[in-house]
Amino acid sequence: MIALIKAVHLATLAVWCAGLIALPVVMQVHGRTPRVHTQPGFAEFRLLSHRAYTRVITPAAVVTITAGTLLFVLEGLRAPWMLAKLLAVAGMVLVHAWLGHQISLTGEGAGRHLIPSPLPALLAALAFMALTLWLVLAKPDLAPLAAQLPDWLLQPRGRALPSDLVPI
């Protein structure tokens, strides 16, 4: 069962990462050209970017994170490197959300929205992917780094959640 979940996790991670690399390239090549200011050019860009984001990249991200969470729980991983990996994945999620926001703005602007340079998103995505890969493969001993955190981050405080944060 664990092997199947790992296989699903890795396969969908590959699709998600490829999408986080390809989407900024598509935004640069198609979304920043004069052709996008014509109706056929805008329709092509909008269809390509929107469908890639909503039908391929986002589902791959959801399945990747779901399978990764299952692995995290089933294997009981609580090592500091794993928590650092979760932060790196959170960075990938932020890049993913920013790209989706830019795609949404292009649809609402009907070709009038000037797409910012996707280079920062591409560089950030590549950095977070590299960091995630390094953390998973090297499994560095981050315990000395974690020990330098303040006590209030390492100890439960023994207090109940405020009532407005309790959902039930």
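Take P80 and tell me if it is surrounded by fewer than 17 Cβ atoms within 10 Å (Cβ to Cβ) and not hydroxyl-bearing (S, T, Y).
No.
If you scan region 12-41, which residues turn out to be surrounded by 14 or more Cβ atoms within 10 Å (Cβ to Cβ), over 14 Å from the mean Cα position of the chain (by Cα), not β-branched (V, I, T) and not in a loop (DSSP other than H, G, I, E, B)?
If the condition is that a residue be surrounded by 14 or more Cβ atoms within 10 Å (Cβ to Cβ), over 14 Å from the mean Cα position of the chain (by Cα), not β-branched (V, I, T) and not in a loop (DSSP other than H, G, I, E, B), then M27, Q28, G41 are the ones that fit.
For the structure I just gave you, tell me whether V15 is out of contact with any helix residue (DSSP H, G or I) (no Cβ under 6 Å at 6 or more places or on another chain) and either over 15 Å from L122 (Cβ atoms) or at pLDDT 85 or above (or both).
no
Given the conditions (1) in contact (Cβ under 8 Å) with a residue 40 or more places away in the chain; (2) in a helix (DSSP H, G or I); (3) not aromatic (F, W, Y), which single one is not true for E44?
With (1) in contact (Cβ under 8 Å) with a residue 40 or more places away in the chain; (2) in a helix (DSSP H, G or I); (3) not aromatic (F, W, Y) applied to E44, the lone miss is (1).
Here is a list of conditions, (1) surrounded by 12 or more Cβ atoms within 10 Å (Cβ to Cβ); (2) closer than 14 Å to G31 by Cβ, and L114 meets all of them except one; can you say which number that is?
L114 satisfies all of (1) surrounded by 12 or more Cβ atoms within 10 Å (Cβ to Cβ); (2) closer than 14 Å to G31 by Cβ except (1).
Give the residue, chosen from A121, A127, that is under 13 Å from the mean Cα position of the chain (by Cα) and free of Cβ contacts under 8 Å to residues at least 40 places away in the same chain.
From the options A121, A127, the qualifying one is A127.
Looking at (1) β-branched (V, I, T); (2) touching a residue at least 40 places away in the same chain (Cβ under 8 Å); (3) more than 21 Å from P59 (Cβ to Cβ), can you tell me which one T106 breaks?
Just one mismatch for T106, condition (3).
Testing L47 on (1) surrounded by 12 or more Cβ atoms within 10 Å (Cβ to Cβ); (2) more than 17 Å from the chain's Cα centre (by Cα); (3) modelled with pLDDT under 90; (4) not β-branched (V, I, T), one condition comes back false. Which one is that?
With (1) surrounded by 12 or more Cβ atoms within 10 Å (Cβ to Cβ); (2) more than 17 Å from the chain's Cα centre (by Cα); (3) modelled with pLDDT under 90; (4) not β-branched (V, I, T) applied to L47, the lone miss is (1).
Give me the helices (runs of 4 or more DSSP H) completely within region 55-168, filtered to those with at least 2 residues that are within 24 Å of A11 (Cα to Cα), ordered by residue number.
58-75, 80-109, 119-138
On the given criteria, is L105 closer than 22 Å to F42 by Cα and under 22 Å from the mean Cα position of the chain (by Cα)?
In short, yes.
The values are calculated or read from the model by the stated rules, or taken from the named source; none is laboratory data. This is a predicted model, so every value here is computed, not measured. Using ideal geometry, Cβ is built from the backbone for each residue, glycine included, and neighbour counts are taken over all protein chains shown.
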